[in-house]
Amino acid sequence: MCGGDPAVLDAGCGRGYLSRLLAADGLSVTATDIAPAAGAGKYFAVAADIEGLPCATRAFDTVISTHTLEHMLNAEGALAELRRVARRRLILVVPRQRPYRFTFDLHLN
């Protein structure tokens, strides 16, 4: 179910901003999210849960996930799935956030 020549996976792509940037540089990009934005021919978008990616083991040279794991109930399971599909490198970006006492926070981890 993953598309084309699988060079890069953008897991938890949201609206696809990073996916579009990578595809504009000529990379083959598969973008996954629960409800991904349409790729408009620049990248291959797949609706998928990060804890159960419909991709073969070691399918991607590079797997990128930015600002996603902190929203997962099962961050360890999601990380294991990202490791499973990564062949060469896994790039994770998570926020370093101070706990706030009186604000609404969607981060679970």
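The values are calculated or read from the model by the stated rules, or taken from the named source; none is laboratory data. Here the structure is a predicted model, which means the values were calculated and not measured. For neighbour counting, all protein chains shown are included, and Cβ atoms are generated from backbone atoms with ideal geometry for every residue, glycine included. All accessible areas refer to the heavy atoms of the entire protein, side chains included, with ligands and DNA or RNA removed. Shrake-Rupley method; radii C 1.70, N 1.55, O 1.52, S 1.80 Å.
Between residues in region 67-80 that are acidic (Asp, Glu) and residues that are open to solvent by 40 Å² or more (accessible area, probe 1.4 Å), which pairs lie under 9 Å by C-beta distance while being six or more apart or on different chains? What qualifies is GLU70/VAL94; GLU70/PRO95; GLU70/GLN97; GLU70/LEU106; GLU70/HIS107; GLU70/LEU108; GLU70/ASN109.
Scanning region 17-43 for residues that are part of a strand (DSSP E or B) and either over 19 Å from GLU81 (Cα atoms) or without any contact (Cβ under 8 Å) to a residue 24 or more places away in the chain (or both) yields VAL29, ALA31, THR32, ASP33.
Quick check on my filter: what residues within region 44-58 are outside any strand (DSSP E or B) and either of a type outside the set (A, V, I, L, M, F, W, C) or surrounded by fewer than 16 Cβ atoms within 10 Å (Cβ to Cβ) (or both)?
Kept after step one, since they are outside any strand (DSSP E or B), are these residues of region 44-58: 48-58.
Once the filter is applied, which keeps residues that are outside any strand (DSSP E or B) and either of a type outside the set (A, V, I, L, M, F, W, C) or surrounded by fewer than 16 Cβ atoms within 10 Å (Cβ to Cβ) (or both), region 44-58 yields ASP49, GLU51, GLY52, PRO54, ALA56, THR57, ARG58.
If you go through region 75-104 and keep only what is open to solvent by less than 70 Å² (accessible area, probe 1.4 Å) and at pLDDT below 90, you end up with ALA75, PRO95.
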